[in-house]
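The values are calculated or read from the model by the stated rules, or taken from the named source; none is laboratory data. Fair warning: this is a prediction, and the values are worked out from it, not measured in the lab. Methodologically, a virtual Cβ is constructed for each residue, glycine included, from the backbone with ideal geometry; neighbour enumeration extends over all protein chains shown.
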């Protein structure tokens, strides 16, 4: 297991957290635009996120650092790659959890209103 440091001049999303999966895709120039190549590869999982005015690089580069745990044989990312993050679905589940939910829909105007659709996402969280 090795660590890769990815440097960003701007702060990464506040949604990024330790354990998230980091992916990348190389970018190319096409018709004056920067486009991705469609070849998405896994970099690894986020180990640490911090800001540094940086004495640990040559030349010094201030900015945000995202340390990523990666396999030693994983191809190293390039400075020009497009990076994106995926939440760990085992840790970050969404939706209502529990045994009971109640919803109240109210029309507080005198205008006629219709409901087209009401939906929910339900899954068993425990037995």
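Summary table below
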quantity	calculated
Test: residue 66 is surrounded by 10 or more Cβ atoms within 10 Å (Cβ to Cβ), at negative phi and either part of a loop (DSSP other than H, G, I, E, B) or at pLDDT below 85 (or both)	no
Positions within region 1-55 being more than 18 Å from the chain's Cα centre (by Cα), without any contact (Cβ under 8 Å) to a residue 24 or more places away in the chain and either more than 18 Å from residue 75 (Cβ to Cβ) or surrounded by 14 or more Cβ atoms within 10 Å (Cβ to Cβ) (or both), in sequence order	29, 30, 31, 32, 33, 34, 35, 52, 53, 54, 55
